[in-house]
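Below is one structure, written out as structure tokens; comments come after it.
The values are calculated or read from the model by the stated rules, or taken from the named source; none is laboratory data. If you're wondering where the values come from, they're calculated on a predicted model, not measured in any experiment. Note that we place each Cβ from the backbone using ideal geometry, even for glycine, and neighbour counts take in every protein chain shown.
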Amino acid sequence: MLAVLALAGCGGDDDDAARPAQTQAPPRSVTLPSTGPRQTDWAAKADAICSAFQARIDALPQPAQPAEVATLVENTIVLARDEQRRLRTLRPPPRQTAAVRLFLAALDRSIIALERLQRAAEAQDDREAQKAIQLGEAAGRDAARQGDLLGLQICGRT
């Protein structure tokens, strides 16, 4: 179940810090105004959207039986698509447009992985479910990397 929520929550998982350093991409930084590091308006609005949707995802009823996993994933997909739609309405700063596109593409791949996971859950195919989870985890790592570049604190980490 945690894998489902990790795939859905705007990209990454909370275990990234526990991974060995050699498996993570080196951190990159964004040049910010001389007032010191701060979150852009875009990042603050995006994080607010991700926070609200993560709360809704966290509130979904957890499956009591394996047959109910597909329903959880389906409900998560609905919320993730709505979250994506809301994120796409935000206008990023011009210098961050490319990073935002890459971030949103990683989130798209997370949703594709969730769709694959839903099909695997419906078919009760553990092997395909594992493949979907791996794809989702890779997309989550990509979202987290782009989120770092964008100054996101919530999106890509939950």
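Data overview
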read-out	value
Of all residues making up the stretch 72-106, the number that are in contact (Cβ under 8 Å) with a residue 60 or more places away in the chain, closer than 23 Å to Gln62 by Cβ and either buried (at least 21 other Cβ atoms within 10 Å of the Cβ) or over 15 Å from the mean Cα position of the chain (by Cα) (or both)	5
Evaluation of Gln124 against (1) more than 16 Å from Ile57 (Cβ to Cβ); (2) modelled with pLDDT of 95 or more (one fails), failing number	(2)
Residue in the stretch 64-72 that is modelled with pLDDT under 95, farther than 29 Å from Gly151 by Cβ, outside any helix (DSSP H, G or I) and not aliphatic (A, V, I, L, M) present	yes
Any chance Ala106 is of a type in the set (Gly, Ala, Ser), at pLDDT below 95 and in a helix (DSSP H, G or I)	no
